[in-house]
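Please read the structure below before turning to the comments.
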Amino acid sequence: MLTQIKGLHHVTSLAADAQQNNAFFTKTLGLRRVKKTVNFDAPDVYHLYYGDEVGTPGSVMTYFPFPNAARGRPGIGEVGETGFAVPKGALPYWQERLERLSVTGLAMDSDFGQARLRFDGPDGDGFALVETEDTRAPWTGSDVPEEAAIKGFSGARLRLRDADATGELLKFMGYEATDSTDGVQRFQLPGGNGADSIDLEVHAGANFSRPGAGSVHHIAFAVPDRAAQLDVRKALVDTGYAVTPVIDRDYFWAIYFRTPGNVLFEIATNEPGFDQDEDTAHLGEALRLPVQHEHLRPQLEAQLVPIAD
Ligand code: ZN
């Protein structure tokens, strides 16, 4: 069993409109945009990162906004719900706020003993705010009061046709099966970074999802450094997984592999972090381009739709 994984690092999804996406995560949810860059593999598309003050791993929601992308079709083989951790007692504030801001899909319930407020993202993305005991410091630069602000992810819920093989994978990655209810199994990482629960929700007869706007593209798990990442990579390869080589994403190093349930997992390093090329005070303001695409700056700045701060 691996011990290097520390919880989620980031969640990356697809969107249809960069401005709407930016407004939802910075204004409605009160996260900080910590990086404005481009998709390294398709540099004519933004890659936007939202999180806490410095984009601490476990707090970072990221998007590829493809202009006018068609909506995804929900199904199995994907992340169905991404959870954000908020302090105990914060949900009535959020319910009022999200209603006032015309957010759809609002539903309050209790999930594994935790108060939960589900809501839709701008493209129908499945999200929830979950009340947790959590010592992480939220971003306080928005108009969301500190006593209600998002502290990072609580976890993610995968929709699968069958949970057995993915459950075995999570145990191999260091997670423990802690609870189950109504066809959902909860796995938690002891000693994680707070973004430490993964739920497996089984829909035996369902169809596979069709990716599009509002779909999660992949979820990334955090490891401290490149040495730990190489250990994890070797262990996964030895177990039979097809894992990519290590890829430099400027703010972390990444490896990717597909799970038995067809969900794309990434293992990302906590180093060097989102403040490696910008002042913490101005994180996410300027368009940052990776070295290999810097020569495209004039055309990208003309082509990419401007985003308000
Ligand atoms: Zn990623």
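The values are calculated or read from the model by the stated rules, or taken from the named source; none is laboratory data. The shown structure was predicted, so the numbers you read here are calculated from the model rather than taken from an experiment. Because the Cβ atoms are built from the backbone with ideal geometry, glycine has one as well, and the counts that use them run over all protein chains shown.
Selection of segment 264-279 for residues being within 14 Å of Val216 (Cβ to Cβ) and out of contact with any Lys or Arg (no Cβ under 9 Å at 6 or more places or on another chain) yields only Glu266. Scanning segment 56-70 turns up no residue that is more than 26 Å from Ala286 (Cα to Cα), under 15 Å from the mean Cα position of the chain (by Cα) and part of a strand (DSSP E or B). Residue count for segment 273-282 satisfying the condition of being surrounded by fewer than 22 Cβ atoms within 10 Å (Cβ to Cβ) and within 15 Å of the ligand (Cβ to nearest atom): 1. When each of Thr37, Thr56, Thr12 is tested for being within 16 Å of the ligand (Cβ to nearest atom) and either modelled with pLDDT under 95 or in contact with a Ser or Thr (Cβ under 7 Å, 6 or more places away or on another chain) (or both), the lone residue that passes is Thr12.
For segment 248-266, a residue qualifies if it is within 12 Å of the ligand (Cβ to nearest atom) and touching a helix residue (DSSP H, G or I) at 6+ places or on another chain (Cβ under 6 Å), and the qualifying residues are Trp253, Ile255.
Pick out, from segment 157-232, the strands (runs of 3 or more DSSP E) lying fully within it that include 3 or more residues that are under 20 Å from Ala268 (Cβ atoms) and within 16 Å of the ligand (Cβ to nearest atom).
216-223
For segment 232-269, a residue qualifies if it is under 14 Å from His9 (Cβ atoms), of a type outside the set (Asp, Glu) and crowded, with 19+ Cβ neighbours inside 10 Å, and the qualifying residues are Val232, Tyr251, Phe252, Trp253, Ala254, Ile255, Phe265, Ile267, Ala268, Thr269.
Note on segment 133-161: residues that are among the hydroxyl-bearing types (Ser, Thr, Tyr) and surrounded by 21 or more Cβ atoms within 10 Å (Cβ to Cβ) amount to 1.
Within segment 235-247, is even one residue more than 16 Å from the ligand (Cβ to nearest atom), assigned to a strand (DSSP E or B) and more than 20 Å from the chain's Cα centre (by Cα)? No: segment 235-247 contains no residue that is more than 16 Å from the ligand (Cβ to nearest atom), assigned to a strand (DSSP E or B) and more than 20 Å from the chain's Cα centre (by Cα).
Entry remark, segment 79-112: residues being surrounded by fewer than 18 Cβ atoms within 10 Å (Cβ to Cβ) and under 13 Å from Ser154 (Cβ atoms) number 2 in total.
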